[in-house]
Amino acid sequence: ILLDKTGTITMGTMKLTDIELITKVDVDTVKRVIKTIASRASSPTNDALVVGLRSAKPAEFTYEVAFSSARKWSAMQIDKINYIMGAPEIVLAEYPDALKRAQEVAAEGKRVLALVRSDLIPRAAGVNFKRVKPLALVVLSEQIRPNAKKTLNYFTSQGVDIKVISGDSPVTVGAVAKSVGLDAKTFDARKLPD
């Protein structure tokens with residue numbers, strides 16, 4: 001049986017739990033940027049960020065690249081500075097220390113986004129992530145459904161093989177799957193052959 005993590009194992013609602021600064025940067029500016037990016041489109045992640053940052057005021061922006069699940073990032077130019085927010089495995093790929101920290105947090109079952117600054121205006125066709133400056137990790141949590149472990153244990157006791165498919169980080173998905181008793185072996189679908 002194939003399951004999605006969000007809304008099946010978890011309740012499907014998220015909560016902003018932390019903004020962990022990677023470099024010395026003004027936290028209020030970081031919050032304003034995150035709120036501005038998140039307020040552009042409704043999704044469980046963005047809605048949680050908007051609620052979690054209710055005191056931050058969105059900024060005026062001059063350029064935007066909307067989020068795409070294929071790209072796994074969105075971008076915006078605010079006050080002549082270019083920001084990209086997205087999956088750490090994408091936007092922090094050239095920064096092993098920051099990526100390692102993001103994976104440590106994800107291993108706790110948390111959803112993690114990374115916020116970076118870019119010298120270049122990001123285009124939807126691609127970004128040189130070697131030329132970004134990591135700013136912060138944005139950490140969200142989800143509540144596990146109360147009956148998830150019991151239900152999944154029943155299926156496995158009946159010989160049903162369970163696969164969890166998710167757009168989240170494989171590290172996060174693996175941690176959530178383990179928390180409900182699944183023998184989690186993770187695989188990043190981006191590595192599947194064409």
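Counting every Cα pair in segment 16-58, what percent are over 13 Å apart?
Details: 447 of 903 pairs.
Here the long-distance tail beyond 13 Å is 50 percent of all Cα pairs in segment 16-58.
Return the lysines within reach of Lys130: Cα separation strictly under 17 angstrom, same-chain partners fewer than 8 residues apart disregarded; answer none if there are no such residues.
Lys72, Lys100
Which values, in whole Å and largest first, are the semi-axes of the equivalent ellipsoid of the chain obtained as the square root of 5 times each eigenvalue of the Cα gyration tensor? Spell out each step's value before the answer.
Values: eigenvalues 196, 64, 41 Å².
After diagonalising the Cα gyration tensor, the semi-axes are 31, 18, 14 Å.
Just how many pairs of Lys in segment 132-194 have C-alpha atoms closer than 22 Å, counting pairs that are eight or more places apart or on different chains?
Lysine pairs satisfying the spacing and distance rule in segment 132-194 number 9.
Could you work out what % of the accessible surface of segment 48-194 is carbon and sulfur, using a 1.4 angstrom probe and leaving DNA, RNA and ligands out of the count? Before the final figure, lay out the partial values.
Numbers: 4340 of 8370 Å².
Roughly 52 percent, rounded to a whole number.
For Lys133 and Ala66 in the same chain, what is the full-extension length gain: residue separation times 0.36 nm, less their Cα-Cα distance, in nm?
Details: separation 67, 0.36 × 67 = 24.12 nm, distance 2.01 nm.
Here the segment from Lys133 to Ala66 would lengthen by 22.1 nm.
Just to confirm the filter: which trypsin sites (Lys or Arg not before Pro) across segment 1-84 are DSSP coil and have at most 11 other Cβ within 10 angstrom of their Cβ? Please list the in-between numbers first.
Values: sites: Lys5, Lys15, Lys24, Lys31, Arg32, Lys35, Arg40, Arg54, Arg71, Lys72, Lys80; in loops: Lys24, Arg40, Arg54, Arg71, Lys72, Lys80.
Passing both the DSSP loop test and the Cβ count: Lys24, Arg54, Lys80.
I'd like the trypsin sites (Lys or Arg not before Pro) in segment 92-194 restricted to DSSP loop residues with at most 10 other Cβ atoms within 10 Å, sorted by number.
In loop regions of segment 92-194 (DSSP not H, G, I, E or B), the sparsely surrounded trypsin sites (Lys or Arg not before Pro) are Lys185.
Within the chain, which is the longest segment that contains none of the GluC sites (Glu not before Pro) sitting in a DSSP loop with at most 15 other Cβ atoms within 10 Å? Walk me through the numbers before you get to the answer.
Values: sites that count: Glu60, Glu94, Glu108.
In short, 109-194.
Using a Gaussian network model of the chain with C-alpha springs under 10 Å, which one of Val138, Val176, Val27 is most mobile by mean-square fluctuation?
Fluctuation is largest for Val27.
Using the alpha carbons of segment 126-194, what is the convex hull volume per residue in cubic angstrom, as a whole number?
Details: hull volume 8.6 nm³, N = 69.
Per residue, the Cα convex hull of segment 126-194 comes to 125 Å³.
At 1.4 Å probe size, with every protein chain present, just tell me what the per residue accessible area of segment 1-113 comes to in Å². Can you show the working numbers first?
Working: 5900 Å² over 113 residues.
For segment 1-113, the per-residue accessible area is 52 Å².
The values are calculated or read from the model by the stated rules, or taken from the named source; none is laboratory data. Treat the numbers as computed from the prediction; the structure is a model and nothing was measured. We place every Cβ from the backbone using ideal geometry, glycine too, and count neighbours over all the protein chains shown. All accessible areas refer to the heavy atoms of the entire protein, side chains included, with ligands and DNA or RNA removed. Shrake-Rupley method; radii C 1.70, N 1.55, O 1.52, S 1.80 Å.
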